[in-house]
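The values are calculated or read from the model by the stated rules, or taken from the named source; none is laboratory data. Model, not experiment: these values are computed from the prediction. All Cβ positions, glycine included, derive from the backbone under ideal geometry; neighbour counts span all protein chains shown. Heads up: the accessible areas ignore ligands, DNA and RNA and are worked out on the full protein's heavy atoms, side chains in. Shrake-Rupley method; radii C 1.70, N 1.55, O 1.52, S 1.80 Å.
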Amino acid sequence: MYRLYNLSTGEHLFTADEHEKKVLTETYHWRYEGIGWYAPASGTPVYRLYNTSTGEHFYTMDRNERRVLISQYRWTDENLAFYSDDGHRYPVYRQFNAAASPRACHNYTGDTNEVRVLTGNHGWKNEGVCWYGTREGEKAKTQGRGMYGVLSVSGTDLTDVYGNAVRLKGISTHGIAWYPAYINQGAFQYFRDQWGANTIRLAMYTAEYGGYCTGGDRAKLEALVDSGVQAASALGMYVIIDWHILSDSNPKTYQSQAVDFFRRMSAKYADYGNVLYEICNEPNGGTTWGDIRSYADAVIQVIRANDPDSVILVGTPTWSQDIDKAASDRLPYNNIMYSLHFYAATHKDQLRSRLVSAHNSGLPVFIDEFSTVEASGNGNVDYASAEAWKQLILQYHLSYVGWNLSNKNESSAILRENVTSVSGGWSDGDFKASGLWLKGLMQSS
């Protein structure tokens with residue numbers, strides 16, 4: 001059963017008819033989302049009805065429901081659509097949302113994660129099993145494993161599977177080689193449930209001690225990345241795989257390693273729909289936008305070969321502050337966002353003005369690392385500057401990720417040094433001032 005989606009009405013339609021699929025996608029601009037499930041060649045009939053007033057299609061194997069809708073509510077009978085498996089091998093569920101568009105108030109899916117997301121986060125009511133398939137299909141990637149489905153970039157916004165603007169907000173790990181214990185489902189769930197986070201950033205350093213390209217245990221680092229992806233996915237969260245260049249300055253230094261890494265990561269997670277790729281954390285040391293563009297071309301092409309639609313985050317010169325360079329010379333790919341990093345006690349009006357100009361020019365900006373203290377990671381929280389940044393984040397509906405989840409002896413590490421728990425259960429007293437400010441931002445945005 002092919003699953004099609006109409007972006008204008010929000011309706012999903014299911015058909016086994018190749019011709020109908022072709023006409024709807026090529027002539028009427030429905031989007032093909034893959035095979036929802038496999039229906040048997042015989043079994044209990046499932047009927048499709050059409051409401052000429054609302055434009056909604058409805059499916060049922062209840063003959064009395066079919067009769068009532070046709071005779072009393074003037075639905076048009078479109079007859080047999082497919083069969084339900086009498087062996088009850090693969091359940092398909094129906095959800096209802098009275099507040100949804102009239103053309104999209106019912107949803108049908110065999111994906112239990114989609115059921116969980118719709119009923120847990122979007123106000124849908126699960127109406128239980130509506131029929132059975134013989135086996136699960138090729139899950140529509142647009143369902144995704146994150147709470148908003150697969151993301152896209154539209155103008156300056158991130159948008160959900162239905163085209164609505166959304167904001168990602170979350171926590172970055174510190175270097176996963178040094179603080180691996182925080183990569184666990186309990187920690188991620190704490191920030192999701194207590195702070196409202198929906199995103200985790202996995203910072204994998206490339207050139208520091210234990211770095212991926214400088215003698216680190218690559219197999220162990222990749223296993224940590226996978227643990228983070230799996231934990232975030234199980235929670236319906238998004239996850240950023242961060243190629244965290246820093247002392248290597250220019251991403252071209254280890255370009256061949258990056259190309260290999262992202263080729264394999266994008267192949268591995270191509271069907272997840274909740275994985276974002278940050279391909280160069282903070283280019284610095286005189287690295288030009290031309291250097292970054294050349295590097296990005298090589299890396300993006302290998303990602304796109306495996307995953308044509310994932311969101312890719314591209315660092316900008318001078319520790320991801322020179323977004324004006326990207327604004328005047330953008331990359332020719334879809335679903336690209338450009339990184340801006342700030343540390344509020346160091347970066348103030350000049351960088352905020354640069355952000356406003358870039359945003360007003362139409363550049364999609366993602367603040368994929370920031371803190372309220374100095375750029376060194378230390379010093380006191382600058383509340384006035386942090387508040388000015390907060391207002392820009394709210395005004396321009398920007399996505400952001402705070403630095404960092406650890407108990408390191410520095411101000412930007414959100415946990416106090418004496419806190420030993422790594423898997424949640426924290427209280428406000430366990431957090432430094434930078435962490436409590438970040439909590440407040442998440443709960444207000």
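Give, rounded to the nearest 20 debye, the magnitude of the charge dipole that the chain has about its Cα centre when Lys and Arg contribute +1 at Cβ and Asp and Glu contribute -1 at Cβ.
For this selection, approximately 500 debye.
Going highest first, how would you order 322-333, 13-24 by mean Cβ packing within 10 Å?
Top to bottom by mean Cβ count within 10 Å: 322-333, 13-24.
So how strong a dipole does the range 46-100 carry about its Cα centre when Lys and Arg Cβ are +1 and Asp and Glu Cβ are -1, to the nearest 20 debye?
Rounded to the nearest 20 debye, it is 80 debye.
With a cut-off of 8 Å between alpha carbons and a minimum separation of six or more residues, what is the relative contact order of the range 25-184 in percent?
RCO, the range 25-184: 23 percent.
Hey, if you put +1 on the Cβ of every Lys and Arg and -1 on every Asp and Glu Cβ in the chain, which of Thr27, Asn97, Tyr269 ends up farthest toward the positive end of that dipole?
Highest projection toward the positive end goes to Asn97.
Using the structure shown, select from Lys220/Lys348; Lys169/Lys325; Lys252/Lys348; Lys220/Lys432; Lys390/Lys432; Lys220/Lys408 the pairs with a Cα to Cα distance greater than 27 angstrom.
Lys220/Lys348; Lys252/Lys348; Lys220/Lys432
Quick one, which of [x] -0.62, -0.71, -0.96; [y] -0.50, -0.62, -1.00; [z] -0.53, -0.67, -1.12 is the actual log10 I(q)/I(0) by the Debye sum over Cα atoms at q = 0.08, 0.09, 0.12 Å⁻¹ calculated for this model?
Calculated log10 I(q)/I(0) by the Debye sum over Cα atoms at q = 0.08, 0.09, 0.12 Å⁻¹: the matching label is [y].
Quick one: what does P(r) look like for the range 298-445 with 10 Å bins over all Cα pairs, in whole %?
11, 37, 30, 18, 3
Relative contact order, percent, of the chain when contacts are C-alpha pairs under 8 Å separated by at least 6 residues?
Result for the chain is 12 percent.
For the range 280-414, build the charge dipole from Cβ charges (+1 Lys, Arg; -1 Asp, Glu) around the Cα centre, then report which of Gly362, Ile303, Thr287 sits farthest towards its positive end.
Farthest towards the positive end: Gly362.
How large is ³J(HN,Hα) for each residue in the range 389-399, as worked out from phi by the Karplus curve 6.51 cos²θ - 1.76 cosθ + 1.60 (θ = phi - 60°), to whole Hz, x for Gly and Pro?
Taking θ as phi minus 60°, the curve returns 5, 4, 5, 5, 4, 6, 5, 9, 6, 8, 7 Hz for the range 389-399.
On average, how much accessible surface per residue is there in the range 337-445, in Å², for a 1.4 Å probe, leaving out ligands, DNA and RNA?
37 Å²
Which of Val153, Val422, Val68 moves the most in a Gaussian network model of the chain with Cα springs under 10 Å?
Comparing Val153, Val422, Val68 in a Gaussian network model of the chain, the most mobile one is Val68.
³J(HN,Hα) across the range 213-227 via Karplus (A = 6.51, B = -1.76, C = 1.60, θ = phi - 60°), whole Hz, x for Gly/Pro?
Using θ = phi - 60°, the values come out as 9, 10, x, x, 7, 4, 4, 5, 5, 5, 5, 5, 4, 5, 4 Hz.
Compare the peptides 111-117, 430-436 by average per-residue count of other Cβ atoms within 10 angstrom and give them in order, highest first.
Per-residue Cβ counts within 10 Å, averaged per peptide and sorted highest first, yield 430-436, 111-117.
If you put +1 on each Lys and Arg Cβ and -1 on each Asp and Glu Cβ, how big is the dipole of the range 165-218 around its Cα centre, in Debye rounded to 20?
Here the range 165-218 has a charge dipole of around 240 debye.
Which percent of the accessible area of the chain is formed by carbon and sulfur heavy atoms (probe 1.4 angstrom)?
Roughly 47 percent, rounded to a whole number.
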